[in-house]
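Note sheet for the following structure.
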């Protein structure tokens with residue numbers, strides 16, 4: 001069962017969010033992209049040469065997950081050997097959107113689940129091996145508390 005908020009993010013709302021941290025960028029599109037069971041995930045694109053960003057909106061029932069995600073990213077970002085998104089804004093004020101949200105940089109790449117049917121067994125094994133190495137790196141990071 002998904003708890004992901006079913007929410008439309010109008011261009012004007014996305015522009016208000018972006019203006020708080022990326023002044024001067026004109027939002028041209030907000031597209032719902034693949035997300036997990038918790039957050040609604042959107043890609044915001046801009047006019048001009050600017051790379052898109054990702055907006056994650058969390059349900060009220062799990063509002064605390066926004067702060068947890070921002071905290072974990074800040075802890076592991078300088079420690080891992082792979083690209084990690086940069087948090088541009090973590091907002092729990094509910095002034096622009098009535099839910100907690102994060103605005104972050106977007107990483108290049110594709111979602112593995114969509115690629116799996118096209119991969120050879122060797123490519124699939126390599127993909128899962130890389131994921132395992134990353135998880136090993138991640139689990140080596142000291143955390144001050146659980147959760």
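The values are calculated or read from the model by the stated rules, or taken from the named source; none is laboratory data. Nothing here was measured: the structure is a model prediction, and the numbers come from that model. Cβ coordinates were reconstructed from backbone atoms using ideal geometry, including for glycine residues, and neighbour counts include every protein chain displayed.
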Restricting the first residue to the range 119-140 and requiring it to be touching a residue at least 40 places away in the same chain (Cβ under 8 Å), which pairs with a second residue that is in a helix (DSSP H, G or I) meet a Cβ separation below 8 Å and a spacing of at least six or different chains?
138/76
Answer with yes or no whether residue 6 is exposed (fewer than 13 other Cβ atoms within 10 Å of the Cβ), out of contact with any helix residue (DSSP H, G or I) (no Cβ under 8 Å at 6 or more places or on another chain), farther than 16 Å from residue 104 by Cβ and not assigned by TED's automatic domain parsing to the domain that holds residue 103.
yes
Output yes when any residue across the range 72-87 is assigned by TED's automatic domain parsing to the domain that holds residue 16, within 16 Å of the chain's Cα centre (by Cα) and part of a strand (DSSP E or B), and no when none is.
yes
Condition check: closer than 19 Å to residue 44 by Cα and in a loop (DSSP other than H, G, I, E, B). Does residue 96 satisfy that?
yes
Take residue 45 and decide whether it is surrounded by fewer than 16 Cβ atoms within 10 Å (Cβ to Cβ) and in the same structural domain as residue 28 (by TED's automatic domain parsing).
no
Mind checking which residues of the range 92-105 are under 17 Å from the mean Cα position of the chain (by Cα) and either closer than 16 Å to residue 10 by Cβ or surrounded by 15 or more Cβ atoms within 10 Å (Cβ to Cβ) (or both)?
92, 97, 99, 100, 101, 102, 103, 104
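Can you pull out every residue in the range 61-71 that is in a helix (DSSP H, G or I) and exposed (fewer than 15 other Cβ atoms within 10 Å of the Cβ)? Lay out the reasoning, then the answer.
Keep residues of the range 61-71 that are in a helix (DSSP H, G or I), which gives 61-62, 64-71.
Across the range 61-71, the qualifying residues are 61, 64, 67, 68, 71.
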Residue list for the range 38-74, restricted to those being modelled with pLDDT under 85 and closer than 16 Å to residue 96 by Cα
63
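Please determine whether any residue of the range 37-57 is under 17 Å from the mean Cα position of the chain (by Cα) and within 23 Å of residue 136 (Cα to Cα).
So the first thing to find is which residues in the range 37-57 are under 17 Å from the mean Cα position of the chain (by Cα), and the list is 37-45, 51-57.
Narrowing the set further to residues that are within 23 Å of residue 136 (Cα to Cα) leaves none.
No, the range 37-57 has no match at all.
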For the range 100-147, name all the residues that are assigned to a loop (DSSP other than H, G, I, E, B), at pLDDT 90 or above, in contact with a helix residue (DSSP H, G or I) (Cβ under 8 Å, 6 or more places away or on another chain) and closer than 21 Å to residue 65 by Cβ.
100
